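Q: Take a look at this one; I'll ask things after.
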Amino acid sequence: MDNNGKESERDIVSDILEVGIALTSEKDKGKIFDIIVEKCMSITHCHACVLYLHEKDSLVLEYVVTYKGELKTPGSESAGADKDSNFQLNIGEEDNVKNIVVYTAISGDSVNIDDIYSVDRFDFSLEKQYDRANGYRTRSMLVIPLKDNSDEVIGVLQMVNAYGNEGQIISFSKMSERIIASMANQAAIAVANMRYIEEIKTLMRSFVQAMSTAIDERTPYNGSHTRKVTMYAGMMADYINRLHIVGGTDMFFSEQRRDNLLLAAGLHDIGKMIVPLSVMNKATRLGARYEEVMLRYELIQSFLRIDMLEGRISEDTYNEEYRFLERARELIEYVNPKGYIADDITDEIDSITAKAYKKPDGSVIRYMYPEEADCMKIRRGTLSASERKIMESHVEMTEKILSRVHFDKTHEKIPVWASTHHEMLDGSGYPKKLKGDEIEPEARILAIIDIYDALTSADRPYKTPMPKTEAFIVLKEMALDGKLDKLFVEYFENVVNEYEIVEG
């Protein structure tokens, strides 16, 4: 240091290089400001440094740092490193126009003052008030704007009382002013870039939320499915991280990885936007065909009665056919809303399908057409084989839709995880029949959560919700069969149990 209390050129260059390296590698905005404030005080040897950030129409006090703790600054209860965002300066208020910090924020100009007591241009009444209250003497002051690469002021640095070698208060040198301005602008650009990245993330999150809302609102059934899958995915990531901390697993979800998992969860069913509502909303086996079948039976019944009245069939034959129709109607009404049927039911359905009424003109009306019979004989659920294929196509559509979205390098796994959540470890899943390590951990997690919610949800029209214990029996059996990741099933059971304890 020379006699004016400045660092040697070598030390200054070292500080500048250190700041430059830190700004290119640091991802935490708060730490960037810590570095800038620390280096500004180190280079100028000032007694105090205050940082304001520009938020809307105000300057909000973010940092107050002093070396000796002798200075109390507006907005801080005590001296020393402090932060109090309750103190702010409204840029638009007329009373604040003469405030040096507000002036710098508006003009974008640095201000270097040798002695505030000899300057009338700005209102230093607050500083003078604090001087009197604390036996302090504010003299030199350097106020620097933080400008981003668009030349917008995102904040203001205010430094108070530079000190020389012998402890005397000195002015802030022009060299110090240039160095501080340079570092301040570097910090502003770094923070602006962070804000830009955060805006991209916010845009991505809002896009996912909009899409997941559209998916869930498209049908009255499983309306909260995407929200619940996303919630459980976040809980799984947090649980795995807690295990990692205590050495229970090598797996760890960084903030970015966790965020991507949640985004994939929010998009995992986006392909359902393309699935016809007649399939999506099919609450019963026959769906819209039910009314058609019932009207057909009424029509056949009417034709049979006419045949009897006109002597084409006997009354006994009419009564026999009438009873058959009534039995068919009762069977359909019983089976149609069922989520599961036994083998003996399919035999009765086959007997109905085999029947047909022949009109006097020779045309035939079938009691049940093959596509209706296929729906009635569905072993589990309400979708026929062809309808299930349409429903399963939502995964391929998810991949196709997301392939049209530009995902940068940090988000490139989102479409992969979202479009492989129906793959099974043994290759029995769909659509690509992936096996083992071809399925990434995040997709395995989403598969487990997706199945669990499907089993336990109370808003599925074709089945009653399965109790949690039974749902995990199913999941564990699937894991034993090599379809699901056994360890993740275990983790998820712990997550659900913890959640129920917390929720009471």
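The values are calculated or read from the model by the stated rules, or taken from the named source; none is laboratory data. Everything numeric here is computed off the predicted structure, so don't read it as measured data. Glycine also receives a Cβ, built like all others from the backbone with ideal geometry; neighbour counts cover every protein chain displayed. Surface areas here come from the heavy atoms of the whole protein model, side chains and all, with no ligands, DNA or RNA. Shrake-Rupley method; radii C 1.70, N 1.55, O 1.52, S 1.80 Å.
Q: Which one, His406, Leu299, Val191, is farthest towards the positive end of the dipole of the chain when Lys and Arg carry +1 and Asp and Glu -1 on their Cβ?
A: Leu299
Q: Right, here's the next one. Going by accessible area, probe 1.4 Å, with all protein chains left in place, what is the ranking of Asp216, Asp120, largest first?
A: Numbers: Asp216 15, Asp120 135 Å².
Per-residue accessible area, sorted high to low, gives Asp120, Asp216.
Q: With +1 on the Cβ of every Lys and Arg and -1 on the Cβ of every Asp and Glu, and nothing else charged, how large is the dipole of the chain about its Cα centre, in debye rounded to the nearest 20?
A: It comes to approximately 740 debye.
Q: Take Asp426 and Tyr322, extend 7 Å from each Cα along the Cα→Cβ direction, and tell me the distance between the two endpoints in nm.
A: 5.3
Q: Calculate the dipole size of the range 137-200 relative to its Cα centre from +1 charges on Lys and Arg beta carbons and -1 charges on Asp and Glu beta carbons; express the result in debye to the nearest 20. Please list the in-between numbers first.
A: Working: 6 positive and 7 negative charges, 77 e Å.
Dipole about the Cα centre, nearest 20: 360 debye.
Q: Now for a different question. Among the aspartates and glutamates, which fall within straight-line cross-link reach of Lys56, defined as a Cα-Cα distance under 14 Å, with same-chain neighbours fewer than 8 residues apart omitted?
A: Glu93, Glu152
Q: Please give the contour-minus-distance gain from Lys201 to Glu166: 0.36 nm per residue of separation, less the Cα-Cα distance, rounded to one decimal in nm.
A: Working: separation 35, 0.36 × 35 = 12.60 nm, distance 5.07 nm.
My answer for the length gained is 7.5 nm.
Q: Suppose each label sits 7 Å from its Cα in the direction of the beta carbon; what would the Glu291-Arg366 distance come out to in nanometres?
A: 2.2
Q: Here is a further query. Taking 0.36 nm per intervening residue step and subtracting the Cα-Cα distance, what contour gain separates Ala356 from Ser314 on full extension? Present the calculation step by step, with values, prior to reporting the outcome.
A: Details: separation 42, 0.36 × 42 = 15.12 nm, distance 1.77 nm.
Taking Ala356 through Ser314 to full extension adds about 13.4 nm, to one decimal.
Q: For the range 253-397, what is the accessible area per residue in Å², given a 1.4 Å probe and the full set of protein chains? Can you show the working numbers first?
A: Details: 7430 Å² over 145 residues.
Spelled out: the 1.4 Å probe surface of the range 253-397, per residue, equals 51 Å².
Q: Moving on to the next point. Filter the GluC sites (Glu not before Pro) in the range 118-186 down to the DSSP loop ones having no more than 10 other Cβ atoms within 10 Å, then list what survives. Walk me through the numbers before you get to the answer.
A: Values: sites: Glu127, Glu152, Glu166, Glu177; in loops: Glu152, Glu166.
Sparse-neighbourhood loop GluC sites (Glu not before Pro): Glu166.
Q: In whole percent, how big is the carbon plus sulfur part of the accessible area of the chain, probe 1.4 Å, protein atoms only? Write down the numbers at each step before the final one.
A: Values: 13030 of 25790 Å².
C and S atoms contribute 51 percent here.
Q: Over 24 Å between Cα atoms, which of Lys400/Lys468; Lys389/Lys483; Lys201/Lys413; Lys201/Lys228 qualify? Can you show the working numbers first?
A: Working: Lys400/Lys468 34 Å; Lys389/Lys483 20 Å; Lys201/Lys413 15 Å; Lys201/Lys228 21 Å.
From Lys400/Lys468; Lys389/Lys483; Lys201/Lys413; Lys201/Lys228, over 24 Å: Lys400/Lys468.
Q: Using only helices, what value at 222 nm comes out for the chain when you add -39,500 (n - 2.57) per DSSP H run of length 4 or more and divide by the total residues, to the nearest 500 deg cm²/dmol? Could the numbers behind the result be given before it?
A: Details: 17 runs with 264 residues, N = 504.
-17500 deg cm²/dmol, from helical runs alone.
Q: Find the accessible area per residue for the range 134-195; the probe is 1.4 Å, ligands and nucleic acids are left out, and the unit is Å².
A: Numbers: 2410 Å² over 62 residues.
For the range 134-195, the solvent-accessible area averages 39 Å² per residue.
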